[in-house]
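Enquirer: Handing you a structure now.
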Amino acid sequence: EEREAERFRSVGIDLRTNVRWDEVGYIILVILGVFALFYYFSWWFGDSSLRSPFYILWFVIAIVFSIFQVLCVWVIDLATFRRKRGYRRPVNDLTVDVFVTASGEAYDLIERSLAAACNMRGSHRTWLLDDGHDPRLKELADQVGAGYLIREGRKDAKAGNINAALDRTEGDLVVIFDIDHVADPQFLERTLPLFADRGVGFVQVMLTYENEKESRIAHAAVQTTLDFYNPISIGSDRLGSATLIGSNALIR
């Protein structure tokens, strides 16, 4: 088992369970947070601050926000530690179609994304789904070894583009990338083993960004993404409510 675990760690998959003290520490923080909320609300009652209808309105809003935002997020975070984990076996019997959607974006952007998808390690077939009907992109697809698909019209935008391609491809798994995403070479190596579990219908991979240092807004967006794709997504998965974003995703 240790040899198997080491082999998976070599491609970035950690098979160890969560450290118990991490969970205990987080539970302590949640308990302290609950006490802080009670202390906050007690101030309103103790100081007779609820005599004004205006204050009463904002008090109700604060309670609703605390229950449905703060407390629910804490519950999801706690579920992160209870997520079932197990050994992930290599998957060699599933065929993979990779869809890169395009609709009139800059040529250089499409070229970089399509080439990266083709260069991922592991057996797969990459398709450029061109809703812009650009003849240059047909030549690009031929050059990098990708398939090229177009359709009549542009009904339902990206979703319609993907649905049209599904009718013309036969992969057991479909991988979807937006045109501004550049796939890592080990993307399939690190995700396909999860499909050894026949109960897995889709895998959503965290989005990462190259422009984090361009501005404070970009930096804040990255931090929000890290929060959503780690404790929020992992905890939601444990509670049976995982979210499929629509890019950087694999679907059975």
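The values are calculated or read from the model by the stated rules, or taken from the named source; none is laboratory data. Model, not experiment: these values are computed from the prediction. As a convention, Cβ positions derive from the backbone with ideal geometry for all residues, glycine included, and neighbour counts pool all protein chains shown. Accessible surface is based on the protein model in full, side chains and every heavy atom, while ligands, DNA and RNA are left aside. Shrake-Rupley method; radii C 1.70, N 1.55, O 1.52, S 1.80 Å.
Enquirer: Modelling each spin label as a point 7 Å along the Cα-to-Cβ direction, I'd like the Val200/His133 distance in nm, to one decimal.
Expert: Spacing of the two 7 Å Cα→Cβ label points: 4.0 nm.
Enquirer: Report the local net charge at Asn161: Lys and Arg +1, Asp and Glu -1, summed over other residues whose C-beta lies under 10 Å from its C-beta.
Expert: +1
Enquirer: I'd like the accessible area for Phe41, computed on protein heavy atoms only with a 1.4 Å probe and all protein chains in place. Round to 10 Å², please.
Expert: Surface accessible to solvent at Phe41 totals approximately 40 Å².
Enquirer: Another one. Is the shape of region 89-248 rounded, prolate or oblate, going by the alpha carbon gyration tensor and its root eigenvalues a ≥ b ≥ c, with a/c under 1.5 for rounded and a/b larger than b/c for prolate?
Expert: Because a/c hits 1.5 or more and a/b fails to exceed b/c, region 89-248 counts as oblate.
Enquirer: Roughly how many Å² of Cys72 are accessible to a 1.4 Å probe, to the nearest 10?
Expert: 60
Enquirer: Once you have all Cα-Cα distances for region 20-177, histogram them in 10 Å bins from zero and send the whole-percent values.
Expert: Reading the bins upward from 0: 9, 24, 15, 14, 18, 15, 6, 0.
Enquirer: Once you place label points 7 Å from the Cα toward the Cβ at Phe228 and Ala242, how far apart are they in nm?
Expert: About 1.7 nm, to one decimal.
Enquirer: Sticking with this structure for a sec: Need the full-extension length gain, Phe35 to Leu78, defined as separation in residues times 0.36 nm minus the C-alpha distance. One decimal, nm.
Expert: 13.8 nm
Enquirer: Another question, then. Normalised by the number of residues in the chain, what is the relative contact order in percent for Cα pairs under 8 Å and 6+ residues apart?
Expert: It rounds to 23 percent for the chain.
Enquirer: Please give me, ordered by residue number, the GluC sites (Glu not before Pro) of region 168-226 that lie in loop per DSSP and have at most 10 other Cβ atoms within 10 Å.
Expert: Answer by residue number: Glu170, Glu210.
Enquirer: Sticking with this structure for a sec: So how exposed is Phe81, as accessible area in Å² (1.4 Å probe, rounded to 10)?
Expert: Surface open to solvent at Phe81 totals about 50 Å².
Enquirer: Still on this structure, please answer the following. Take the Cβ-Cβ distance between Arg216 and Glu105 as r, set R0 to 22 Å, and report the resulting FRET efficiency rounded to the nearest 0.05.
Expert: Between Arg216 and Glu105 the formula returns 0.25.
Enquirer: Would you mind computing, in nm to one decimal, how far apart the modelled labels at Leu207 and Ser52 are, each placed 7 Å from Cα along Cα→Cβ?
Expert: Each label point lies 7 Å from its Cα, and together they span 4.1 nm.
Enquirer: Evaluate the relative contact order of region 66-178 (contact order divided by residue number), counting alpha-carbon pairs under 8 angstrom at least 6 apart; express in whole percent.
Expert: 33
Enquirer: Write out the trypsin sites (Lys or Arg not before Pro) in region 186-226 meeting two conditions: DSSP loop, and at most 14 other Cβ atoms within 10 Å of their Cβ.
Expert: In loop regions of region 186-226 (DSSP not H, G, I, E or B), the sparsely surrounded trypsin sites (Lys or Arg not before Pro) are Arg198.
Enquirer: Here's something else I'd like to know. In region 139-162, whose amide N lies under 16 Å from the spot 7 Å out along Cα-to-Cβ of Arg168? List them in ranges.
Expert: 139-142, 146-162
Enquirer: Defining a contact as two alpha carbons under 8 Å apart and six or more residues distant in sequence, what relative contact order in percent does region 169-250 show?
Expert: Rounded, it is 46 percent for region 169-250.
Enquirer: Next question. If amide hydrogens are placed 1.01 Å from N in the peptide plane, which non-local residues have theirs closer than 5 Å to the one on Thr126?
Expert: Here Val98, Gly147 satisfy the definition.
Enquirer: May I ask which residue of Ser113, Ser103, Leu140 lies farthest towards the positive end of the charge dipole of region 66-153, with charges of +1 (Lys, Arg) and -1 (Asp, Glu) on Cβ and the Cα centre as origin?
Expert: Ser113
Enquirer: Show me the helices of the chain, taken as full DSSP H stretches, that run 20 Å or more along their long axis by Cα and average 0.0 or above in Kyte-Doolittle hydropathy.
Expert: Those that pass (Cα extent of 20 Å or more, hydropathy at least 0.0) are 20-46.
Enquirer: How much length would be gained if the chain were fully extended between Leu94 and Val24, taking 0.36 nm per residue of separation minus their Cα-Cα distance, in nm to one decimal?
Expert: Gain on extension, Leu94 to Val24, equals 21.2 nm.
Enquirer: Using +1 on the beta carbon of Lys and Arg, -1 on that of Asp and Glu, and nothing else charged, what's the dipole of region 20-171 about the Cα centre, debye to 20?
Expert: So the magnitude is around 640 debye.
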